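The values are calculated or read from the model by the stated rules, or taken from the named source; none is laboratory data. What you are looking at is a predicted structure, and each value in this text was computed from that prediction instead of being measured. Every residue, glycine among them, receives a Cβ derived from its backbone with ideal geometry; neighbour counts consider all protein chains shown. Keep in mind that these areas ignore ligands, DNA and RNA; they rest on the heavy atoms of the full protein, side chains included. Shrake-Rupley method; radii C 1.70, N 1.55, O 1.52, S 1.80 Å.
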Amino acid sequence: QVRLVESGGGLVQAGGSLRLSCAASGIIFSINAMGWYRQAPGKQRELVATITSDGSTNHADSVKGRFTISRDNAKNTMYLQMNSLKPEDTAVYYCNADLKRLPIESIRTYWGQGTQVTVSS
């Protein structure tokens, strides 16, 4: 069984910082792309940032210059450093990973359970 567990969410004032982590555990042969998504109340889930296995990144325009995605392949862990937080960043943040459990298996996408980020004005 594969699990993705997010941590690091919480309540912060506008202008503050948080660092989210997403740890993958279980039977894992390889992890390809990983990503952070968020969903605010009453809104659709949206892409925040993605990172490939070789470290290429993509950030949504709304977070460019403020958020930075990174990963530690040795630890099967991904991070999201969030600086200059705004009230509109308030959402549940989810991580996902495209991975293979075994060499013969196809790549599947797994999701974490989410972590709440609340930014007060």
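Return yes when G16 is within 15 Å of T118 (Cα to Cα) and under 15 Å from the mean Cα position of the chain (by Cα) and no when it is not. No.
Against the conditions (1) open to solvent by less than 60 Å² (accessible area, probe 1.4 Å); (2) in contact with a strand residue (DSSP E or B) (Cβ under 9 Å, 6 or more places away or on another chain), E105 satisfies every one except (2). When N32 is tested against (1) in a loop (DSSP other than H, G, I, E, B); (2) modelled with pLDDT of 95 or more; (3) not hydrophobic (A, V, I, L, M, F, W, C), only condition (1) is not met. You will find that of S25, S70, the residue that is at pLDDT 95 or above, in a strand (DSSP E or B), in contact with a Phe, Trp or Tyr (Cβ under 9 Å, 6 or more places away or on another chain) and open to solvent by 20 Å² or more (accessible area, probe 1.4 Å) is S70 and no other. When you check A49 against the structure, is it without any contact (Cβ under 8 Å) to a residue 24 or more places away in the chain and small (G, A, S), yes or no? No; evaluated as a whole, the condition is false for this residue. Checked against the criterion of being assigned to a strand (DSSP E or B) and surrounded by fewer than 14 Cβ atoms within 10 Å (Cβ to Cβ), the candidates L11, L80, L47 yield just one match: L11.
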